[in-house]
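Trainee: A single structure is presented below for examination.
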Amino acid sequence: MSDPTEANGTAGTDEAAEPAQAASGGAAERHVRVVLVDDHRMFRTGVQAEIGQTAETGVEVVGEAADVDQAVTVITATRPEVVLLDVHLPGGGGVEVLRRCAPLMSDAERPVRFLALSVSDAAEDVIGVIRGGARGYVTKTITGTDLVNSVFRVQEGDAVFSPRLAGFVLDAFASTDAPPVDEDLDRLTQREREVLRLIARGYAYKEIAKQLYISVKTVESHVSAVLRKLQLSNRHELTRWATARRLV
């Protein structure tokens, strides 16, 4: 894994940068500092190659991170204008990064703005990060050209969504059927929610550990944290709690 605090230089070939360069049209006259947060190093490298040709796109990648703790450290140290944030991350997910970086987002003079960049288009993921403070949500099918434009729009304070998500987000927040704010659920990190669902579905600790690529001891720690935060006594109560909220 690369050093998460290491600012990245230009990378990739001219061909890789070509799509973003073609659409930026004078992007060298504008500039934005960006941090990439994703637990897949190859994906970060690809994004860097696609949009990080600063002279052509105006995007300067000043840091990378692969998990929640690294993300908070790098974002705090570099204070970028925009963070490209994956939703599913080791250590609690994108929502946890947003929670811990809330003071940076609310800084009136130098706000750090977040744009979710994820393979997921699940309602829970989209609503979760937008509720957490992200300015937009785009999927990883986005082109380099559109990603560069989206980054600059978020830097300027706009809300940005992939076309197929825009209508969904508006409907979700306007509709009376939109998921209500659940303060109990919001206390849980993304990983704790994942463990919660699997426990409620009857998975054994070993099965959960295998599915989430974590140790059994880590599963036990997450279950203990969930029970404590929700003030429940055992996994049977936890299952009833999750079922009542249709999380199973």
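Trainee: Considering each residue of the stretch 54-80, count those that are assigned to a strand (DSSP E or B) and either more than 10 Å from V97 (Cβ to Cβ) or open to solvent by 10 Å² or more (accessible area, probe 1.4 Å) (or both), and give that number.
Mentor: Initial filter on the stretch 54-80 (assigned to a strand (DSSP E or B)): 59-65.
The next check asks that each one be either more than 10 Å from V97 (Cβ to Cβ) or open to solvent by 10 Å² or more (accessible area, probe 1.4 Å) (or both); those that pass are 59-64.
So the count comes out to 6.
Trainee: For the stretch 81-145, list the helices (runs of 4 or more DSSP H) that sit wholly inside it and hold at least 1 residues that are open to solvent by 30 Å² or more (accessible area, probe 1.4 Å), over 19 Å from D158 (Cα atoms) and in contact (Cβ under 8 Å) with a residue 24 or more places away in the chain; which are they?
Mentor: Working: elements: 93-100, 102-105, 123-132.
Once the helices (runs of 4 or more DSSP H) in the stretch 81-145 are filtered for at least 1 residues that are open to solvent by 30 Å² or more (accessible area, probe 1.4 Å), over 19 Å from D158 (Cα atoms) and in contact (Cβ under 8 Å) with a residue 24 or more places away in the chain, what remains is 93-100, 123-132.
Trainee: Follow-up. Could you check the stretch 28-53 and list, in sequence order, the residues that are of a type in the set (V, I, T) and open to solvent by 60 Å² or more (accessible area, probe 1.4 Å)?
Mentor: Filtering the stretch 28-53 down to residues of a type in the set (V, I, T) leaves 32, 34-35, 37, 45, 47, 51.
Hit for the stretch 28-53 is T45, nothing else.
Trainee: Residues of the stretch 181-190 being open to solvent by 40 Å² or more (accessible area, probe 1.4 Å) and touching a helix residue (DSSP H, G or I) at 6+ places or on another chain (Cβ under 7 Å), which ones? Don't jump to the end; show me each part of the working.
Mentor: Kept after step one, since they are open to solvent by 40 Å² or more (accessible area, probe 1.4 Å), are these residues of the stretch 181-190: 181, 183-184, 186-187.
D184, R187 - these are the residues of the stretch 181-190 that are open to solvent by 40 Å² or more (accessible area, probe 1.4 Å) and touching a helix residue (DSSP H, G or I) at 6+ places or on another chain (Cβ under 7 Å).
Trainee: Oh, and also: Every residue in the stretch 213-222 that is touching a helix residue (DSSP H, G or I) at 6+ places or on another chain (Cβ under 6 Å) and either at pLDDT below 85 or closer than 21 Å to D184 by Cβ (or both), please.
Mentor: Those that are touching a helix residue (DSSP H, G or I) at 6+ places or on another chain (Cβ under 6 Å) and either at pLDDT below 85 or closer than 21 Å to D184 by Cβ (or both): V219, H222.
The values are calculated or read from the model by the stated rules, or taken from the named source; none is laboratory data. Remember, predicted model here, so these are calculated numbers, not experimental data. We place every Cβ from the backbone using ideal geometry, glycine too, and count neighbours over all the protein chains shown. Ligands, DNA and RNA are stripped out before the accessible areas are found, and what is left, the full protein with its side chains, is counted by its heavy atoms. Shrake-Rupley method; radii C 1.70, N 1.55, O 1.52, S 1.80 Å.
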